[in-house]
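Everything below concerns the one structure shown next.
The values are calculated or read from the model by the stated rules, or taken from the named source; none is laboratory data. Here the structure is a predicted model, which means the values were calculated and not measured. Backbone-built Cβ (ideal geometry, glycine too); neighbour counts: all protein chains shown.
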Amino acid sequence: MAFVQQSSPHAHSARPTSRVMLWVLIAALPGLLAQTLFFGWGNLINVVFCVGLAIASEAALLKLRKKPVAFFIKDNTAAVTGLLLGLSLPQFAPWWVSAVAVISAIVVAKQLYGGLGSNPFNPAMVGYALVLVSFPVAMTTNWAEPAMLWDGAPGFGETLATIASGQQTALDGWTMATPLDEYKHKINTHTAAEVLNHPTFGAGIAKGWEWVNAAFLAGGLLLIGLRIISWHIPAGFLGGLIVMSVAFGSNADLYTPLSLHLLAGGTMLGAFFIATDPVSAATSHQGKLIYGAGIGILIYLIRTWGNYPDAVAFSVLLMNFAVPFIDHYTPPRTYGHHKARRGVPGSQG
Amino acid sequence: MTQLWDFSGGIHPPEHKDVSTARPIRNAGVPDYLILPLQQHIGDPAEAIVEVGERVLKGQKIADVKTGMGVPVHAPTSGVIESIADYPVPHPSGMADRCITLKPDGEDQWCQRSPVKDYRALERDQVLQIIRDAGISGMGGAGFPTNIKLRPPRDRKVSTLILNGAECEPYITADDMTMREKADEVVAGLKIMAWILRPERCVIGIEDNKPEAIAALRKATEGTQTEIAVIPTKYPSGGEKQLIQILTGMEVPSGGIPADIGVMCQNIGTAVAVAQAVFEGTPLISRVVTITGEAVREPGNFEALIGTPIEHLLEQAGINQDTVSRLVLGGPMMGYTLTTEAVPVIKTTNCVIAATATELPAPPSEQPCIRCGQCAEACPMELLPQQLFWHAKATEFEKAEHLNLFDCIECGACSYVCPSSIPLVQYYRFAKGEIRAQQAEQLKADRARERFEARQARLEREQQEKELRRKERAKAAAEAAAKKQAEAEKAAAEGEAVDERAAKSALVEQALARKKAKAEASQPPAPSAQPTPSAPPAEQKPDIEALEKQLTQARSKLETMQGMLDDAKAQQADNVEKLERAVAKNHDRVQRAEEALSEAREKLAAGSTESQPTH
């Protein structure tokens, strides 16, 4: 009989890309649950819409590019991009804002660059940054007021209708400035104690947001525990942010305090789910630390001295630019060599 | 407690070792025929020193390496040499190579053996010679001649001798079972090697998944200074470089050998073979082989004669022909698939996996790399498998080499963990092969350039020599012409033609005439042979000589022209036509010269016959 002929190794671990991505989806669920509990149905509706649209646009583009549609859809990467956008966009963002974000993420940032593995920029963040600069009103005024799902939050039907109606801004009573936004703009003229009186902060650090961030942190730790992601990027990310905050912004009467930096914005989602997108991140351990730290530092810079209250998308994209550079200078030292061989052949980089 | 270090990366694949350790080592017996490849080691192949049809005894040397590096091959049992021909041998390519086939006669009759009781009484070189004559080469995989390995260069003192009992590859248990059942022989072999090398430290490294082997060796080394280092189970801890790192904390320099840092690794099986060679006088004619996989009913280890067809072992282990889908020689991480079960067990064969289709399924289709970096996390050599893959795929070999492609040990850890199921190792093998081919090509090109330059220099030299000859010839011709002028004038006076040929024949005729005249002149019995002043006999000779010289010159010129023409043709130069004409012209010239010469000789012969009686 004819025996199977194959090159070694003959054994393989059973964790394909599709499973890796599935774990990312699962690990994000606690965060989504927290968002829904504290901010109503908006994120859940966005997530479903964005995931569906992401898969649909991916399929359409694969078809146009004459690639096997089912083979690539099954890798779950489009679903993850949709999920990240759904989790990041304001709860009452009109449907067309989400649609523009998803389509530009999948079509432009991913497929036009060559599809999975070939995109230099994080697709979800390209989509997010695009709608943030294009539709500033829709992106800043549609954040839900923190209110428990069963206690004061708009119902599912109302939320869906608002999103589907496509109007630029949702009802005034439903929305509220985010804690980071509020603090950033009030601290110039108020003391910390006065600023924190605003209902968006609640009794704790930042009402609702603290739990959402804690849930994303938990999901992220699960991913690290499962070795789906390595600890380097989140550690660099949070480390960079903490160092900057401690070094420059320890006075809460002048600057946003560290607790808000960590628990009020998209920090944990960014650190564990967005910045860790392997395709657009640095590769070596050292490189990942630098890449993560760069994002953390940029987030602090933009949040503190820039025009935007949050800055995950811009920071990630800026560091995406730096990835080839970082990779170039951070190869590991190979066994049996005195030092790492940097740069390209012939140069002593 | 031995201090241990960790190596970076590594993986934990399912071990599948229990299946083949449940039974003790079984004797595989004598198969119907034995196939003994002449090259089972690294180095030069051995040459058969027996004839087809010859009867050989068990343990008799049947092939040896006369010059170069290598070890001999011995008859594993007594029998008759049936053939010396090409058979499929264990090799990733499935190639055939020269083998001796032995038909056992069933008597298993030993040749004369000379056991050594106290090797310490011998010289170290004598013991090394015993090891060489026993045909021992490394039994772990590469098959490097053990006697050569045991004699490192003088400036490479081995301070740590490591016995590699890690056996980190899944499925394989040959070393494990050997350590369990032959612990004393393992230690005895280690002692001999330690006596030869005189290291400061002797360590046996064993993964912690082999408690029985650890216990057996602990017992066998009781009271000695040999350390038993129990190392954490992690693939590829048994890789030479990784084991050295675990046990010494040192790294083998890239491109170097362990002896560079004062370390040497030896295999468990090799130690047993060394002990048997010294204490029993038994050459390496059998080894322990693991036969495992879900397609065999009774997996386990076999003491198999070298040359035993794999088929024979599979049958003994109860192969299920219906379910076996692939045969892997070696482990699932680094082994290679066999095309046929007819290949024999050789000195480096440690395991055969008869796997079913569900056991070792075909990997899923390759997906795009998502740069997840798990390969880099798994790489025990701290390479960048991902970047190497891109460069290999893009055939940017220079960049791949820059990223230390050649430090890759092809352990397969990166491919194992790749979520996109990319056959990374295959890409690296491809890149390595291409680079080696390019280097060979470069070498060839360099040689060709050297050859070309040498040829250019030679041609120039020849040209100069020719020029010199031409000048000499011109000088000679000028002299001859002056002479000819005189003759021609004479001939012209006689109304003869003045063309070259006629002049030549005229010369000849004149010479003959002179000879005749001389003969006539000497006809009278007058003893005083009065030389005729007009035609002295000495003059006859130069004419023939001149003709001969002319002919040789013409011939050599023709040869040169022919050579130039051939070269020109080979290079398809545009002066081929011209050269062809020149050759034809020279050919004519040679012919003419030949004719002239033969004519002259005939005439001369005629003349001398005529004149003979008078002398």
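Observations on the model:
- Helices (runs of 4 or more DSSP H) fully within the stretch B:380-434 counting 1 or more residues that are modelled with pLDDT of 90 or more and farther than 24 Å from B:G331 by Cα: B:385-393, B:397-402
- Of the helices (runs of 4 or more DSSP H) lying entirely inside the stretch A:1-119, those containing at least 2 residues that are closer than 30 Å to B:E359 by Cβ and over 18 Å from the mean Cα position of the chain (by Cα) are A:17-39, A:69-73.
This table checks each residue for (1) among the charged types (D, E, K, R); (2) under 18 Å from the mean Cα position of the chain (by Cα); (3) more than 30 Å from B:L384 (Cα to Cα); (4) outside any helix (DSSP H, G or I).
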{"residue": "A:L238", "(1), (2), (3), (4)": "no, yes, no, no"}
{"residue": "A:S245", "(1), (2), (3), (4)": "no, no, yes, no"}
{"residue": "A:L260", "(1), (2), (3), (4)": "no, yes, yes, no"}
{"residue": "A:M268", "(1), (2), (3), (4)": "no, yes, no, no"}
{"residue": "A:P278", "(1), (2), (3), (4)": "no, yes, no, yes"}
{"residue": "A:A293", "(1), (2), (3), (4)": "no, yes, no, no"}
{"residue": "A:I302", "(1), (2), (3), (4)": "no, yes, yes, no"}
{"residue": "A:M319", "(1), (2), (3), (4)": "no, yes, no, no"}
{"residue": "A:P332", "(1), (2), (3), (4)": "no, no, no, yes"}
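- Selection of the stretch A:30-43 for residues being closer than 24 Å to A:G173 by Cα and surrounded by 21 or more Cβ atoms within 10 Å (Cβ to Cβ) yields A:L32, A:A34, A:Q35, A:F38, A:F39, A:G40, A:W41, A:G42, A:N43.
- Among the residues here, A:F49 does not qualify as within 14 Å of another protein chain (Cβ to nearest Cβ), in contact with a Ser or Thr (Cβ under 9 Å, 6 or more places away or on another chain) and aromatic (F, W, Y).
- Taking the stretch B:184-273 as the region of interest, none of the strands (runs of 3 or more DSSP E) fully inside it holds 2 or more residues being within 14 Å of chain A (Cβ to nearest Cβ) and either farther than 16 Å from B:S159 by Cβ or at pLDDT 95 or above (or both).
- Residues (surrounded by fewer than 22 Cβ atoms within 10 Å (Cβ to Cβ) and touching a residue at least 40 places away in the same chain (Cβ under 8 Å)) located in the stretch A:256-289: A:P257, A:S259, A:L262, A:L263, A:H285, A:Q286
- Failed item in (1) touching a Ser or Thr at 6+ places or on another chain (Cβ under 6 Å); (2) surrounded by 18 or more Cβ atoms within 10 Å (Cβ to Cβ), with B:A317 passing the rest: (1)
- Hey, B:P309 in contact with a Cys (Cβ under 8 Å, 6 or more places away or on another chain) and more than 8 Å from chain A (Cβ to nearest Cβ) or not: no
- Scanning the stretch B:293-310 turns up no residue that is over 22 Å from B:G10 (Cα atoms), crowded, with 23+ Cβ neighbours inside 10 Å and without any contact (Cβ under 8 Å) to a residue 40 or more places away in the chain.
- For B:I84, the stated conditions hold: it is surrounded by fewer than 20 Cβ atoms within 10 Å (Cβ to Cβ) and assigned to a strand (DSSP E or B).
- When the stretch B:408-461 is filtered for residues that are among the charged types (D, E, K, R), surrounded by fewer than 13 Cβ atoms within 10 Å (Cβ to Cβ) and either within 14 Å of chain A (Cβ to nearest Cβ) or more than 27 Å from the chain's Cα centre (by Cα) (or both), the ones remaining, listed by number, are B:E453, B:R455, B:R458, B:E460, B:R461.
- B:V19 over 22 Å from B:T282 (Cβ atoms) and not acidic (D, E): yes
- Among all residues of the stretch A:12-19, there is none that is in contact (Cβ under 8 Å) with a residue 24 or more places away in the chain, touching a helix residue (DSSP H, G or I) at 6+ places or on another chain (Cβ under 8 Å) and away from chain B (no Cβ under 14 Å).
- Residues that are more than 13 Å from A:D327 (Cβ to Cβ) and facing chain A (nearest Cβ under 7 Å) were ranked within the stretch B:381-400; the one that is surrounded by the most Cβ atoms within 10 Å (Cβ to Cβ) is B:M381.
- Looking only at the stretch B:327-369, residues that are within 11 Å of chain A (Cβ to nearest Cβ), assigned to a strand (DSSP E or B) and either surrounded by fewer than 24 Cβ atoms within 10 Å (Cβ to Cβ) or under 27 Å from the mean Cα position of the chain (by Cα) (or both) come to 5 in all.
Residue by residue, here is whether (1) within 10 Å of another protein chain (Cβ to nearest Cβ); (2) more than 16 Å from A:H261 (Cα to Cα); (3) modelled with pLDDT of 90 or more holds:
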{"site": "A:P278", "(1), (2), (3)": "yes, yes, yes"}
{"site": "A:H285", "(1), (2), (3)": "yes, yes, no"}
{"site": "A:I290", "(1), (2), (3)": "no, yes, yes"}
{"site": "A:G294", "(1), (2), (3)": "no, no, yes"}
{"site": "A:F325", "(1), (2), (3)": "no, yes, yes"}
{"site": "A:P331", "(1), (2), (3)": "yes, yes, no"}
{"site": "A:G343", "(1), (2), (3)": "yes, yes, no"}
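- Filter pass, B:R26 being surrounded by fewer than 18 Cβ atoms within 10 Å (Cβ to Cβ), in contact (Cβ under 8 Å) with a residue 60 or more places away in the chain and among the basic types (K, R): yes
- Checking B:T101, B:T67 one by one, the residue that is of a type in the set (S, T, Y) and surrounded by fewer than 19 Cβ atoms within 10 Å (Cβ to Cβ) is B:T67 and no other.
- Residue match in the stretch B:48-56 (condition: assigned by TED's automatic domain parsing to the domain that holds B:E167, loosely packed, with under 15 Cβ neighbours inside 10 Å and of a type outside the set (D, E)): no
- The stretch A:188-222, residues that are surrounded by fewer than 20 Cβ atoms within 10 Å (Cβ to Cβ) and over 22 Å from A:G40 (Cβ atoms): A:N188, A:T189, A:H190, A:T191, A:A192, A:A193, A:E194, A:N197, A:L221, A:L222
- Residue in the stretch B:474-497 that is surrounded by 11 or more Cβ atoms within 10 Å (Cβ to Cβ) and modelled with pLDDT under 65 present: yes
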